[in-house]
Amino acid sequence: MDGRIVVGTFRDGGGENGMSELVRLTDVTKVYQGGLTGALNGISVSIEKGEFTAIMGPSGSGKSTMLNLVAGLDRPTSGTIAVGGTDLGKLGEAGLARFRRDHIGFVFQFFYLLPNLTALENILIPAQLMGNVATARAAELLDQLGITDVADRYPARLSGGQQQRVAVARALINNPMLLLADEPTGALDTHTGEQVMELLAGLHRQGQTILLVTHDAKLATRHAARVISVMDGKIVDDARLESPERAPSDVIRVRTEEVSR
Amino acid sequence: MSLKYGVLGLLKGEPLHGYEVKNRFEAMLGGTWDVNIGQIYTTLQRLERDGLVRPAGPRGDRGKQLYELSPEGQKALDQWLAQPDSGPQQLHEDIYVKLLLAARIANGDLQGMLARQKRAYLQRLRDLNRLEERARRDGRLDLARLVRGALLHTEADLKWMDELSSERFGTEGAKTE
Ligand SMILES: Nc1ncnc2c1ncn2[C@@H]1O[C@H](COP(=O)(O)OP(=O)(O)OP(=O)(O)O)[C@@H](O)[C@H]1O
Ligand SMILES: [Mg+2]
């Protein structure tokens with residue numbers, strides 16, 4: 001049906017609504033070659049299916065490293081990472097590449113579109129790598145992301161916001177079980193950044209699990225109910241935020257000065 | 001916010017009763033201000049005493065009194081509007097005083113305190129975001145913009161806590177003890 005790809009072995013056994021674990025990091029460390037200190041120093045965390053989680057922390061704290069490891073773009077120095085029940089450490093290089101292609105969507109700060117392919121062609125790459133003709137799915141995504149009319153343009157002729165939409169569509173073409181976004185709004189102005197975030201929020205409402213790295217606490221808390229704070233390669237806080245309907249006066253109060261005398 | 005000039009500003013357009021003044025404020029600021037009707041009446045009385053407002057017509061039923069701006073009130077309002085909001089920044093930084101005091105007794109480790117405060121700010125950001133969303137959905141743009149300002153202020157508070165925790169605030173105090 002419309003080019004959708006069934007995620008065979010990775011569909012987990014849990015119900016569609018009930019919380020079930022999608023990602024688990026256990027005592028993960030990462031020391032880069034030549035790195036004086038570890039980029040990650042013992043990270044253990046579990047991400048539920050359907051969660052929208054934000055990762056925040058100062059520059060160099062290890063956020064991108066964490067995302068890259070979860071994506072299978074790199075391997076940890078020690079510890080284990082399981083995504084959708086698969087222990088990434090047990091996969092060989094080819095297996096890891098296949099895992100990435102089939103199950104992970106990744107959106108970066110600087111889009112990384114191929115300049116000599118049109119928007120549509122860029123979006124279709126991951127599907128073609130799977131040997132799938134996903135034109136129907138691509139059309140659906142173009143429409144959903146509001147970029148149908150620029151589908152045949154080359155990246156150089158797209159605005160930053162449009163390029164990021166194309167990158168999001170490319171990340172979603174294979175219906176990944178996990179969408180990773182590393183500062184997706186970092187290169188965009190406030191308004192365009194908010195639009196891209198709205199888009200991610202819409203995907204989340206449809207059930208997409210999202211792990212987002214951002215420096216913008218306003219945007220993070222708007223959409224993500226969970227904020228993980230990282231510092232020096234460690235998780236220093238894991239906040240699950242509440243979302244009750246509060247009366248305006250319980251959220252904000254304008255103080256008044258009375259006339260004295 | 002100065003209640004005095006707020007009231008003068010609302011009377012600029014048309015004469016109002018005390019409770020109408022309160023309602024106008026609520027329409028603009030959506031119950032985010034903590035002024036009761038008693039304070040409005042007191043303010044109106046003082047403004048009348050100072051000649052900045054005056055009764056418009058006789059008292060109506062149940063003693064309701066319409067007030068209008070006097071020429072002096074008009075002048076005072078214009079002056080206030082023309083003045084930028086300057087002077088010292090008004091802070092009420094309980095948390096900073098808490099941290100300073102704790103630094104003297106908590107063996108220099110304030111990370112827990114900072115983390116708890118950061119979490120409280122994150123929750124506040126979430127609440128403000130939801131309020132802004134609701135205000136926009138209900139077409140209450142004045143309220144939405146006020147909330148936006150509060151979001152930016154809270155973001156700054158959060159960044160401050162981040163700075164304090166990354167410079168290991170508090171540890172230097174412990175060394176000199
Ligand atoms: N390929 C690499 N080789 C060596 N060191 C690296 C490499 N990538 C990252 N590092 C180091 O690892 C640490 C964590 O980097 P990482 O990119 O994960 O941080 P970050 O939290 O994403 O920062 P930013 O907010 O600036 O993107 C840093 O000290 C960085 O210099
Ligand atoms: Mg990074």
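The values are calculated or read from the model by the stated rules, or taken from the named source; none is laboratory data. This structure is a prediction, so every number in the text was calculated from the model and none was measured. Ideal geometry is used to build each Cβ from the backbone, glycine not excepted, and the neighbour counts take in all protein chains shown. Surface areas here come from the heavy atoms of the whole protein model, side chains and all, with no ligands, DNA or RNA. Shrake-Rupley method; radii C 1.70, N 1.55, O 1.52, S 1.80 Å.
Take every DSSP beta bridge whose two residues both sit in chain A; close to 55 percent of them are antiparallel.
Summary value for the range B:3-82: 37 percent relative contact order, contacts being C-alpha pairs under 8 angstrom separated by 6+ residues.
Where Lys and Arg each count +1 and Asp and Glu each count -1, what net charge lies around A:VAL213 among other residues with Cβ under 11 Å from its Cβ? Charge balance in the 11 Å sphere: -2.
Averaged over the residues of A:124-133, the number of partner chain Cβ atoms lying within 10 Å of the residue Cβ comes to 0.
Per-residue Karplus couplings for the range B:129-138, computed as 6.51 cos²θ - 1.76 cosθ + 1.60 with θ equal to phi - 60°, are listed in order as 4, 5, 5, 4, 4, 4, 4, 5, 4, 7 Hz, Gly and Pro entered as x. Computed from label points 7 Å out along Cα-Cβ, the spacing between B:ASP34 and A:HIS191 is 3.7 nm.
Computed over neighbours whose Cβ is under 10 Å from that of B:LEU52, the net charge equals +2, Lys and Arg +1, Asp and Glu -1.
I'm checking a number: the convex hull volume of the Cα atoms of chain A, normalised per residue, in Å³. What is it?
It comes to 181 Å³ per residue, whole-number rounded.
A Gaussian network model of chain B, with springs between Cα atoms under 10 Å, assigns the largest mean-square fluctuation among B:PRO84, B:PRO58, B:PRO71 to B:PRO84.
Using heavy atoms of the protein chains and a probe of 1.4 Å, the accessible area assigned to A:SER249 is about 40 Å². Summing charges over all other residues whose Cβ lies under 11 Å from the Cβ of A:VAL166, with Lys and Arg as +1 and Asp and Glu as -1, gives +2. Per-residue surface analysis assigns A:HIS215 an accessible area of about 90 Å², computed on protein heavy atoms at 1.4 Å probe radius. Compared with the direct C-alpha span, the chain from A:GLU48 to A:THR135 gains 28.2 nm at full extension, assuming 0.36 nm per residue.
Here the accessible area of the range B:3-82 is 52 percent carbon and sulfur, with a 1.4 angstrom probe and all protein chains present.
From its DSSP helices (H runs of at least four residues, each -39,500 (n - 2.57)), chain A gives a residue-normalised ellipticity at 222 nm of -9000 deg cm²/dmol.
In the distance distribution for the protein assembly as shown, Cα-Cα pairs more than 40 Å apart total 36 percent. A Gaussian network model of chain B, with springs between Cα atoms under 10 Å, assigns the largest mean-square fluctuation among B:ASP50, B:ASP34, B:ASP78 to B:ASP34.
Compare the Cα positions of A:ALA94, A:VAL227, A:ALA136 along the charge dipole of chain A (+1 at Cβ of Lys, Arg; -1 at Cβ of Asp, Glu; about the Cα centre) and return the one farthest towards the positive end. Towards the positive end, the residue furthest out is A:ALA94. Relative contact order of chain B: 21 percent, from C-alpha pairs under 8 Å at least 6 residues apart in sequence.
Here the contact order of chain A, divided by its residue count and restricted to Cα pairs under 8 Å and six or more residues apart, works out to 25 percent. Give the shape of the range B:95-166 as rounded, prolate or oblate, defined through the alpha-carbon gyration tensor: a ≥ b ≥ c are the square roots of its eigenvalues, a/c under 1.5 means rounded, and otherwise the shape is prolate if a/b is larger than b/c and oblate if not. Judged from the Cα gyration tensor, the range B:95-166 comes out prolate (a/c at least 1.5, a/b above b/c). Scalar couplings 3J(HN,Hα) for the range A:40-46, obtained by applying the Karplus form with A = 6.51, B = -1.76, C = 1.60 to θ = phi - 60°, are 10, 10, x, 9, 10, 7, 10 Hz; x denotes Gly and Pro. Computed over the alpha-carbon pairs of chain B, the distance histogram in 10 Å steps reads 8, 25, 24, 19, 14, 7, 2, 0 percent, short to long.
Other chains near B:129-140: what is the mean number of their Cβ atoms within 10 Å of each residue's Cβ?
What the average comes to for B:129-140 is 3.
Taking the Cα centre of the protein assembly as shown as origin and charging only Cβ (+1 Lys, Arg; -1 Asp, Glu), how large is the dipole, in debye to the nearest 20?
Once rounded to the nearest 20, the dipole reads 380 debye.
Here is the tail figure for the range B:3-82: Cα pairs spaced more than 23 Å apart come to 15 percent of all pairs.
Which residues in the range B:96-140 have a backbone N closer than 17 Å to a point placed 7 Å from the Cα of A:ARG255 along the Cα-to-Cβ line? Taking a point 7 Å out along Cα→Cβ of A:ARG255, the residues of the range B:96-140 whose backbone N falls under 17 Å are B:96-98. Interface area, chains B and A: about 3600 Å² of buried accessible surface, summed, with a 1.4 Å probe and ligands, DNA and RNA left out.
Remark: the range A:64-212 carries a charge dipole of roughly 340 debye about the Cα centre, counting +1 on each Lys and Arg Cβ and -1 on each Asp and Glu Cβ. Within the assembled protein chains, the solvent-accessible surface assigned to A:VAL236 is about 70 Å², based on a 1.4 Å probe. Protection proxy ranking for B:87-93, A:115-121, using the average of other Cβ atoms within 10 Å per residue and placing the highest first: A:115-121, B:87-93. Ellipticity at 222 nm from helices only: DSSP H runs of n ≥ 4 in chain B, each -39500 (n - 2.57), divided by the residue count, give -22000 deg cm²/dmol. Residues of the range B:149-164 whose accessible area, computed with a 1.4 Å probe over protein heavy atoms, drops by at least 20 Å² once all protein chains are present relative to their chain alone are B:GLU155.
Taking every protein chain into account, the accessible area of the range B:3-82 amounts to 52 square angstrom per residue (probe 1.4 Å). Cross-link partners of A:LYS30 among lysines, defined as those whose alpha carbon lies under 19 angstrom from its own and excluding same-chain residues fewer than eight positions apart: A:LYS63, A:LYS90, A:LYS234. The count of lysine pairs in chain B with alpha-carbon distances below 20 Å, taking only pairs 8 or more places apart or on different chains, stands at 12.
Couplings 3J(HN,Hα) of the range A:147-155, computed from phi: 10, 4, 6, 10, 4, 9, 8, 7, x Hz, in residue order, whole Hz [Karplus 6.51 cos²θ - 1.76 cosθ + 1.60, θ = phi - 60°; x for Gly and Pro]. Taking amide H as placed 1.01 Å from N in the peptide plane, the amide H of A:VAL236 sits under 5 Å from that of A:SER229, A:VAL230, A:MET231, each at least 5 places away or on another chain.
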